[in-house]
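> There's a structure below that I have some questions on.
The values are calculated or read from the model by the stated rules, or taken from the named source; none is laboratory data. Treat the numbers as computed from the prediction; the structure is a model and nothing was measured. Here the Cβ positions follow ideal geometry from the backbone for every residue, glycine too, while neighbour counts run over all protein chains shown. Only protein heavy atoms, including side chains, enter the accessible area calculation; ligands, DNA and RNA are left aside. Shrake-Rupley method; radii C 1.70, N 1.55, O 1.52, S 1.80 Å.
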Amino acid sequence: MNLAGQSLKFENGQWIAESGACGGGDRRETQRLRKRNQQLEEENNLLRLKVDILLDMLSETTAESHLMEKELDELKSISRRRK
């Protein structure tokens, strides 16, 4: 495939230049984009971990809240019986 004067082929799930020689600017831009992509993937993984932790915390707090509501209802019931 030719695109903007560059001959490309799709190999092993990636587009690569058939000539194997990219201009210096193209190579630097590709390297910069790969580095940025890696940074974004790492940030995404960290954010996924934080979401998982927050969901665990929410689940724990919700369970504790339900237990406290149940206990409060039981105490109200006992209090009513004594009156």
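> Taking the residues in the stretch 32-57 that are aliphatic (A, V, I, L, M) and open to solvent by 100 Å² or more (accessible area, probe 1.4 Å) as candidates, determine which candidate is farthest from the chain's Cα centre (by Cα). Let's see the steps before the verdict.
Step one: list which residues in the stretch 32-57 are aliphatic (A, V, I, L, M), which gives 33, 40, 46-47, 49, 51, 53-55, 57.
Still in the running and open to solvent by 100 Å² or more (accessible area, probe 1.4 Å): 54, 57.
Details: Leu54: 13, Met57: 18 Å.
So, considering only residues that are aliphatic (A, V, I, L, M) and open to solvent by 100 Å² or more (accessible area, probe 1.4 Å), the one farthest from the chain's Cα centre (by Cα) is Met57.
> Looking at the stretch 72-83, can you tell me whether even one residue there is at negative phi and not in a helix (DSSP H, G or I)? Before the answer, list the steps.
Narrowing the stretch 72-83 to residues at negative phi: 72-83.
Then keep just the ones that are not in a helix (DSSP H, G or I); that gives 83.
Yes, because at least one residue in the stretch 72-83 is at negative phi and not in a helix (DSSP H, G or I).
> OK, next. Would you confirm, using the coordinates I've provided, whether Asn2 is surrounded by 10 or more Cβ atoms within 10 Å (Cβ to Cβ), without any contact (Cβ under 8 Å) to a residue 40 or more places away in the chain and among the polar types (S, T, N, Q)?
Taking the combined requirement at face value, the residue does not satisfy it.
> Which of (1) of a type in the set (D, E, K, R); (2) open to solvent by less than 100 Å² (accessible area, probe 1.4 Å); (3) modelled with pLDDT of 95 or more is the odd one out, the single condition Glu60 does not satisfy?
Condition (2) is where Glu60 drops out.
> Let me ask something additional. Checking the conditions here, which among Ile16, Ile78 is among the hydrophobic types (A, V, I, L, M, F, W, C), surrounded by 10 or more Cβ atoms within 10 Å (Cβ to Cβ) and more than 18 Å from the chain's Cα centre (by Cα)?
Working: Ile78 fails: surrounded by 10 or more Cβ atoms within 10 Å (Cβ to Cβ).
Of Ile16, Ile78, the one residue that is among the hydrophobic types (A, V, I, L, M, F, W, C), surrounded by 10 or more Cβ atoms within 10 Å (Cβ to Cβ) and more than 18 Å from the chain's Cα centre (by Cα) is Ile16.
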